[in-house]
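Since every read-out is calculated from the coordinates, none of them should be taken as a lab result. Treat the numbers as computed from the prediction; the structure is a model and nothing was measured. Cβ placement follows ideal geometry from the backbone for every residue including glycine, while neighbour counts extend to all protein chains displayed.
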Amino acid sequence: MIEIKDLLIGFNNLLFSEKIKIEAIRNVIFEVVGIEIKNQDIKIKNNIIYLNIKPIYKNEVFIKQNQIHLKLKEVLNKKSPPEIR
């Protein structure tokens, strides 16, 4: 029988990995584009990155999207989300 604490530990690890991904995305975007984004403005849903930022900043991110993806693959390895919106 699986105990509740084992399920909660698994859930905690999942949340922790999402926080690590968001922090990595934030750092890579700042490194490549030079735009500071708050953690709460980055969401990952269905392995797609959603940015809640001004359109002018989004355009800069889209222009340098390939560089961002290459850096994310270096940092996150295979767990890098493939698309930014």
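Data table
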| item | result |
| --- | --- |
| Hits among aspartates and glutamates - C-alpha to C-alpha of Lys19 under 19 Å, sequence gap 8 or more where chains match | Glu31, Glu36, Asp41, Glu74, Glu83 |
| D_trans [Stokes-Einstein, Kirkwood Rh over alpha-carbon pairs] for segment 32-85, 37 °C, 0.692 mPa s, µm² s⁻¹ | 284 µm²/s |
| Label point distance in nm, Asn52-Asn39, each placed 7 Å from Cα along Cα→Cβ | 1.5 nm |
